[in-house]
Amino acid sequence: MDNLIFDISGKIAIVTGGGGVLGGNIAKHLIKAGCKVVVLDIREENVKSRVSELEAMGGTAIGFVSNVLNVEEMKITRDKIIKTWGKIDILINAAGGNLPGATLTEEQTVFDMKIEDFEKVTNLNLNGTVYPCLVFGEAMANQGAGSILNISSMATLSAITRVPGYSVAKSGIDIFTKWMAMEMGTKFGEKVRVNAIAPGFFIGDQNRKVLINEDGSYTERSKKVLARTPMKRFGDITELNGIVQFLCSDAASFITGTVIPVDGGFSSFSGV
């Protein structure tokens, strides 16, 4: 097989939430793959530190303080990117995640959930993906080419306890990914593609307390996850990089509207 079809060097890639753990991991991989990377994050210190890190790797990167829930602000950012580099080839929507107030404790029921926390987490994850797709996707539509990659979750496949808002939002991302793929493909051509990946269980700052006890042992929740994971382990965040590069490359030229699990088999196993 011609490895050149996996080549994404020279492409202009935007990573929302680029100052975070997930976005940062993907941004670093894109730099290693030869992309020019635009880091978007709501915190200025995160933008500066990530851009510095990417440049120290020998890559080309710029950053903007940009709120994924502010369409007009993102339009200004889009115009600056195009003025600087001429085009936008890749959009990775890594901004999102769960919020402490939107995660129920084991003792709580859904009726204890604060509506404002539910609204925050659904707004951040769902609209925080939809709005960048609309703003930066318009540039791709005008170009007639581009690849958008959204971040779904295992929480969309079946009910996972304690995270109702996050589950609802990520489920919305799944259908929006399919809808946007249809819209782009039918109206703006086959070279504008929209896909999503659904990470399985990776231990990070966001979920560490519910998966790892203070003494370093696995919580009961972790044990339940691993019992449903044929590979019997948690993922490493770098294990997302291969599918990201694949979906953004010409190797995936006939793939659009998909939601691909990266989960060690969790989504395929009944547990029996």
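All of the numbers you see were taken from the coordinates with simple rules; none came from a lab. The structure presented is a predicted model; accordingly, all values stated were derived computationally and were not measured. Cβ sites come from the backbone with ideal geometry, for glycine too, and all protein chains shown count toward neighbours.
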query = Which one is nearest to Asn25 (Cα to Cα) among residues in segment 253-272 that are touching a residue at least 60 places away in the same chain (Cβ under 8 Å) and of a type in the set (A, V, I, L, M)?
reply = Val262
remark   = Within segment 191-212, residues of a type in the set (A, V, I, L, M, F, W, C) and over 13 Å from Thr258 (Cα atoms) come out as Val192, Phe201, Phe202, Ile203, Val210, Leu211, Ile212
query = Being within 26 Å of Leu149 (Cα to Cα), among the small types (Gly, Ala, Ser) and surrounded by fewer than 17 Cβ atoms within 10 Å (Cβ to Cβ), is that true of even one residue in segment 97-115?
reply = no
Residue that is farthest from Leu149 (Cα to Cα), among those in segment 1-57 that are among the small types (Gly, Ala, Ser) and not in a loop (DSSP other than H, G, I, E, B) = Ala56
query = Tell me, which residue of segment 231-257 that is closer than 17 Å to Arg193 by Cβ and of a type in the set (Val, Ile, Thr) is surrounded by the fewest Cβ atoms within 10 Å (Cβ to Cβ)?
reply = Ile255
key: Residue selected from segment 204-220 under the condition without any contact (Cβ under 8 Å) to a residue 40 or more places away in the chain and surrounded by 16 or more Cβ atoms within 10 Å (Cβ to Cβ), by the criterion farthest from Gly264 (Cα to Cα)   = Ile212
remark   = Taking segment 46-100 and keeping only residues that are among the charged types (D, E, K, R) and in contact (Cβ under 8 Å) with a residue 24 or more places away in the chain, one is left with Arg50, Glu53, Lys75, Arg78, Lys87, Asp89
